[in-house]
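Asks: Please read through the structure below; I'll follow up with questions.
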Amino acid sequence: MDAKAPITQDVMTIPRKMPDGPMNLIGLSRDQLRDALIGAGTPEKQAKMRASQVWQWVYHWGVRDFAEMTNLAKDYRAMLAENFVLELPEVVTRQVSEDGTRKYLCRIAGGHEVEVVYIPETDRGTLCISSQVGCTLTCSFCHTGTQKLVRNLTAGEIIGQVMLARDDLDEWPKPGTRTDESRLLSNIVLMGMGEPLYNFENVRDAMKIAMDPHGIQLSRRRITLSTSGVVPEIARTAEEIGCQLAVSFHATTDDVRNTLVPINKRWNIETLLEALRAYPKVSNSERITFEYVMLDGINDSDDDARRLIKLIDGIPAKINLIPFNEWPGAPYKRSSNNRIRAFADIIYNAGYASPVRRPRGEDIMAACGQLKSATERARKSRAQIAADAGL
Ligand code: SAH
Ligand code: SF4
């Protein structure tokens, strides 16, 4: 007997089980879902159809129990339950602010935690989600930047944040009803923890699920990805996702931007603007949002406002002024209200809408852009209390 044969045979006959239990189907693309079903024994000829059925149950109806997938044969449902799970990040705490803002603290595999924030407004409801635990970039005003990157979120963990919020808002359509046009969760912003363009594939796959017409069905115009300026991935975002883009601009000279957003040393303002100019055409999106954090005495002068207008000339833009959200030990202070108003006036007079982002959910510290920091602080102080008590 050929000595190699049994080894080959062994490999061939190893059942396609995941090493650590059943496979989670949440976050798989349509093709990956089909392959997973084939791997579990679905005949290839039927696999596309079965994948579409499962997909619709999961992403249109929000069903998590295979037994409820009533257009599939009973045996097939049992086979699914044996091989697969449908798991979202686990909600550890849920807080509702006086202004209706909801904040969820969620646990993901490995025990890491991410925060998800839902902000209701009169004409929309926006969900702020995270793409990484921590961030490798070190923007000097951002609390996330002081944390070590722990890891990228999977596509399932990213779309899972949207799904758990829909669960909590009780917003999955009821069988037999039409999809409501006025949704509670109508918009997504990737403005939580992490740099989405450093986790491109997972973010893309998750947003493709969010936009899929046979599922959650959010328009790409209602999804905004915020980047610190990862220039090579900006063109890819236009081509492969096509969502709205926001950019953490924050400064009008390379010197200042180098200290605030250090990725500027790699791709400077001019290079970034070039990529931004190309974005609306390729993605067929409307306007780019320029985020600008107002830091006292650093980037908030009248000259800064005028330089900003000059720099973005010719780019369809909206400027989002963000009063700095101070955190303990932060090296900056928030600009005064008068300064922010004067800055906003210059921008407004140049013809730009310049909404000042109102801090929302302040009673539960839900400000996007510094998610989880409050929890970490709370934990630190608890640890401090324990240390003080000699525990
Ligand atoms: N990493 C991405 C997205 C997450 S941050 C990015 O940098 O764009 C979302 C927004 O919140 C960014 O514009 C970020 O610069 C801003 N931000 C971070 N920390 C902040 C703080 N302490 N106060 C105000 N805005 C902050
Ligand atoms: Fe990362 Fe964005 Fe914070 Fe910069 S502002 S450290 S890119 S999360």
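Asks: Rounded, prolate or oblate for region 103-193? Axes are the square roots of the Cα gyration tensor eigenvalues, ordered a ≥ b ≥ c, and the cut-off for rounded is a/c under 1.5. Don't jump to the answer; show the numbers that get you there.
Replies: On the way: a/c = 3.10, a/b = 1.87, b/c = 1.66.
Judged from the Cα gyration tensor, region 103-193 comes out prolate (a/c at least 1.5, a/b above b/c).
Asks: So, in nm, how far is label Glu121 from label Thr138 when the simple model puts each one 7 Å beyond its Cα toward the Cβ?
Replies: 3.5 nm
Asks: Turning to a different aspect of this structure: Of Lys174/Lys281; Lys103/Lys318; Lys45/Lys174; Lys265/Lys310, which sit over 29 Å apart, Cα to Cα? Mind dumping the intermediate values first?
Replies: Values: Lys174/Lys281 38 Å; Lys103/Lys318 27 Å; Lys45/Lys174 31 Å; Lys265/Lys310 21 Å.
Violating the 29 Å Cα-Cα cut-off are Lys174/Lys281; Lys45/Lys174.
Asks: Quick check: at a probe of 1.4 Å, how many percent of the accessible area of region 207-334 sits on carbon and sulfur atoms? Kindly include the intermediate steps, with their values, before the conclusion.
Replies: Details: 2450 of 5320 Å².
Looking at region 207-334 in its full context, I get 46 percent from C and S.
Asks: Relative to the present Cα-Cα distance, how much length would full extension add between Ala353 and Lys45 at 0.36 nm per residue of separation? Before the final figure, lay out the partial values.
Replies: On the way: separation 308, 0.36 × 308 = 110.88 nm, distance 5.35 nm.
Net length gain for the segment: 105.5 nm.
Asks: At a temperature of 4 °C and a viscosity of 1.567 mPa s, determine how fast region 51-171 diffuses translationally according to Stokes-Einstein, using the Kirkwood radius over alpha-carbon pairs as Rh; express D in µm²/s, rounded to the nearest whole number. Spell out each step's value before the answer.
Replies: Working: Rh = 16.4 Å.
Once the numbers are plugged in, D ends up at 79 µm²/s.
The values are calculated or read from the model by the stated rules, or taken from the named source; none is laboratory data. Note that this is a predicted model, so its numbers are computed, not measured. All Cβ positions, even for glycine, are placed from backbone atoms using ideal geometry, and neighbour counts span all protein chains on display. Heads up: the accessible areas ignore ligands, DNA and RNA and are worked out on the full protein's heavy atoms, side chains in. Shrake-Rupley method; radii C 1.70, N 1.55, O 1.52, S 1.80 Å.
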